[in-house]
Amino acid sequence: QVQLVESGGGLVQPGGSLRLSCAPSGSISEIWTMAWYRLAPGKQRESVAAITSGGITRYADSVKGRFTISRDNAKNTVYLQMNSLKPEDTAAYYCYVRGRIREYWGQGTQVTVSS
């Protein structure tokens, strides 16, 4: 069973940066969209950023200009560079991969922005 392995979360001060990474534990044929979602206590799950196989990106308004999503197709890895972090960015961040056959979700990595 292929799983998505996330890394890079942690505690950071407001204004700081973190870089999240996500890669499958095994082979996934024909990956289409890769994305990051987040879930904060008391809030609904939010789509943070997505990137297609062709490199087209989409961002939530709340992170535009601060977050950058990218992917390495050779490694089937997706990244989320998060700059100028705010306390309201605190959440569990989940990686999502849409393959030709099925979709996959990561276990989540916690990002906490606090002084």
For this session: Output yes when any residue across the stretch 84-105 is hydroxyl-bearing (Ser, Thr, Tyr) and under 11 Å from Leu20 (Cβ atoms), and no when none is.
Result: yes
Exercise. If we keep just the residues of the stretch 8-48 that are on the phi > 0 side of the Ramachandran plot and part of a loop (DSSP other than H, G, I, E, B), which is surrounded by the most Cβ atoms within 10 Å (Cβ to Cβ)?
Worked result: Gly8
Exercise. When residues of the stretch 5-52 are filtered for being modelled with pLDDT under 95 and within 14 Å of Glu103 (Cβ to Cβ), how many remain?
Worked result: 6
Seminar exercise, completed: Subset of the stretch 54-67, residues open to solvent by 70 Å² or more (accessible area, probe 1.4 Å) and in contact with a strand residue (DSSP E or B) (Cβ under 6 Å, 6 or more places away or on another chain), comes to Arg58
Exercise. How about the stretch 1-53: which of its residues are farther than 23 Å from Glu88 by Cβ and in contact with a Cys (Cβ under 8 Å, 6 or more places away or on another chain)?
Worked result: Leu4, Val5, Met34
Exercise. Does the stretch 73-97 hold any residues that are open to solvent by 60 Å² or more (accessible area, probe 1.4 Å) and at pLDDT below 95, and which are they?
Worked result: Asn73, Ala74, Lys75
Seminar exercise, completed: Condition set assigned to a loop (DSSP other than H, G, I, E, B) and in contact (Cβ under 8 Å) with a residue 24 or more places away in the chain, scope the stretch 49-68, selection nearest to the chain's Cα centre (by Cα): answer is Val63
Exercise. (1) modelled with pLDDT of 95 or more; (2) under 18 Å from Tyr93 (Cβ atoms): which one isn't true of Ile56, the others all being true?
Worked result: (2)
For this session: Show the residue pairs that are 6+ apart or on different chains and have beta-carbon atoms under 6 Å apart, the first residue being within the stretch 19-41 and farther than 14 Å from Gly9 by Cα, the second being among the aromatic types (Phe, Trp, Tyr).
Result: Ala35/Tyr96
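Inside the stretch 98-115, can you point out the residues that are among the β-branched types (Val, Ile, Thr) and open to solvent by 30 Å² or more (accessible area, probe 1.4 Å)?
Residues of the stretch 98-115 that are among the β-branched types (Val, Ile, Thr), as a first pass: 101, 109, 111-113.
Answer for the stretch 98-115, where residues must be among the β-branched types (Val, Ile, Thr) and open to solvent by 30 Å² or more (accessible area, probe 1.4 Å): Ile101, Thr112.
The values are calculated or read from the model by the stated rules, or taken from the named source; none is laboratory data. The shown structure was predicted, so the numbers you read here are calculated from the model rather than taken from an experiment. Here the Cβ is made from the backbone with ideal geometry for all residues, glycine too, and neighbour counts use every protein chain on show. Just the protein is used for accessible areas: all its heavy atoms, side chains included, with ligands, DNA and RNA removed. Shrake-Rupley method; radii C 1.70, N 1.55, O 1.52, S 1.80 Å.
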